[in-house]
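What follows draws every value from the coordinates through simple rules; no lab data is involved. Since the structure is predicted, the reported quantities are computational estimates derived from the model, not experimental observations. Because the Cβ atoms are built from the backbone with ideal geometry, glycine has one as well, and the counts that use them run over all protein chains shown.
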Amino acid sequence: MSAPRIGLGGVVRGWDGMERTGLNSGYLRSVSLAGGVPLILSPLIGPSYAARALDGVDGLVLTGGEDVDPAWYNADRSPLLDPPSRERDLFELALFAAARQRGVPILGICRGIQLINVALGGTLYQDLPSERPGPVNHNPAGSRTDRSHAIRLAAESLTAEALGAERTQVNSFHHQGIRDLAPRLIATGWSEDDLIEAVEGMEGEPWLLAVQWHPEEMHADAGAPERGLFKALVERAGAAAAVSVDS
């Protein structure tokens, strides 16, 4: 069986005085190490071509980055909101909808879990420190690979099975999070202050798993449990692709 093709939502950034599009290499390395072929899907493709961009793609990763615009869940902007990207929001909402319609397996990471929740009817905390102060610092200073707080996972959940544990320490750098969980999602992971850290799709719906932390940053650690998240996606994408070919 050939390696499944995994699309990854990209970013647009100013760098060295030029507009560039791409993605942090950790995402691509993580997919490659899991046996997939990573393909960057840039927001510059645009929402009208989002479905076309998925042609030949077996799995999708919605990656981290900008805050999701609260207009999508009918909320006013907090003064502490980081500038959203309407271009990226529109593209990834269209990408997510097309992937769900086609039954493409989806892994969401950080912004990805937030976008998925909003796309399915949920809401977000726009700024955790001001709207939901608690004992856990979800955006600490330090290295992006520092495991800064613990999470617990529902037994027999997709997340627990992929990580091989029901409790673990994760790296964390975000200031938004899930407030109201979308009705078609199931929470399967929580931090010590009960913020939702992992969600999954409902039984009978397309395969979906999303986490609030950044597993891609652990790609250089051969023993990191986070590698299991990418492996689970790639395996599911490969199985779905094989069924498609056989049919």
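With a Förster radius of 22 Å, plug the Cβ-Cβ distance of ALA3 and ALA165 into 1/(1 + (r/R0)^6) and report the FRET value to the nearest 0.05.
Values: r = 27 Å, r/R0 = 1.23.
FRET efficiency, ALA3 to ALA165: 0.20.
Taking 0.36 nm per residue of separation and subtracting the Cα-Cα distance, what length does fully extending GLU87 through ASN74 add? Present the calculation step by step, with values, prior to reporting the outcome.
Values: separation 13, 0.36 × 13 = 4.68 nm, distance 1.81 nm.
Separation in residues times 0.36 nm, less the Cα-Cα distance, equals 2.9 nm.
Using DSSP, restrict attention to beta bridges with both residues in the chain and report what percent are antiparallel, rounded to the nearest 5. Write down the numbers at each step before the final one.
Numbers: 22 of 37 bridges.
The antiparallel proportion sits near 60 percent.
Please give the FRET efficiency for ASN137 paired with TYR49, using the beta carbon to beta carbon distance and R0 = 35 Å, rounded to the nearest 0.05. Mind showing how you got there, number by number?
Working: r = 40 Å, r/R0 = 1.14.
The calculated FRET efficiency here is 0.30.
Which log10 I(q)/I(0) values, to two decimals, does the stretch 116-247 give at q = 0.12, 0.18 Å⁻¹ under the Debye formula with one point per Cα?
So the normalised log intensities work out to -0.49, -1.05.
Hey, got the dipole for the stretch 1-88? About the Cα centre, +1 on K and R Cβ, -1 on D and E Cβ, debye to the nearest 20? Please list the in-between numbers first.
Values: 8 positive and 10 negative charges, 53 e Å.
For the stretch 1-88, the charge dipole is close to 260 debye.
Non-local amide H neighbours of LEU208 (under 5 Å, H modeled in plane, Pro and chain starts lacking H): which ones?
For LEU208, whose amide H was placed from the backbone, the distant partners under 5 Å are ILE106, GLY201.
Tell me, what is the FRET efficiency for GLU192 and ALA220 to the nearest 0.05, using R0 = 35 angstrom and their Cβ-Cβ distance as r? Walk me through the numbers on the way to the answer.
Working: r = 27 Å, r/R0 = 0.76.
Approximately 0.85, to the nearest 0.05.
Roughly how many Å is it from the Cα centre of the stretch 73-129 to that of the stretch 175-234, as a whole number?
14 Å
Report the extension gain between ARG102 and SER25 in nm, rounded to one decimal, defined as 0.36 nm multiplied by the number of residues separating them, less their alpha carbon distance. Mind showing how you got there, number by number?
Numbers: separation 77, 0.36 × 77 = 27.72 nm, distance 2.71 nm.
Taking 0.36 nm per residue and subtracting the Cα distance, the gain is 25.0 nm.
Taking 0.36 nm per residue of separation and subtracting the Cα-Cα distance, what length does fully extending ALA150 through GLU205 add?
The ALA150-GLU205 span can extend by a further 16.9 nm.
Can you sort THR145, THR188 by how many other beta carbons sit within 10 Å, fewest first?
Values: THR145 14, THR188 22.
Ranking THR145, THR188 by Cβ neighbours within 10 Å, fewest first, gives THR145, THR188.
Going by average Cβ neighbours within 10 Å, how do the peptides 153-161, 3-11, 104-112 rank, with the highest at the top?
Highest mean packing first, the order is 104-112, 3-11, 153-161.
List the DSSP H helices in the chain whose Cα atoms stretch 15 Å or more along the helix axis and whose mean Kyte-Doolittle hydropathy is at least 0.0.
On the way: long enough: 86-102 (24 Å, -0.46); 227-246 (29 Å, 0.61).
Both cut-offs are met by 227-246.
With equal scatterers on the alpha carbons only and no solvent term, can you work out the Debye log10 of I(q)/I(0) for the stretch 1-85 at 0.13, 0.20 1/Å?
For the requested q values the scattering log ratios are -0.53, -1.02.
Mean residue ellipticity at 222 nm from the helices of the chain, using -39,500 (n - 2.57) per DSSP H segment of n ≥ 4 over the full residue count, to the nearest 500 deg cm²/dmol? The partial results should precede the final answer.
Numbers: 7 runs with 69 residues, N = 247.
Computed mean residue ellipticity for the chain: -8000 deg cm²/dmol.
Mind checking which of ALA222, ALA119, ALA99 has the largest fluctuation in a GNM of the chain, springs on alpha carbons under 10 Å?
Answer for the Gaussian network model of the chain: ALA222.
Can you work out D for the chain in µm² s⁻¹ from Stokes-Einstein, where Rh is the Kirkwood radius over C-alpha pairs, the temperature is 37 °C and the viscosity is 0.692 mPa s?
Values: Rh = 18.0 Å.
D, rounded to a whole number, is 182 µm²/s.
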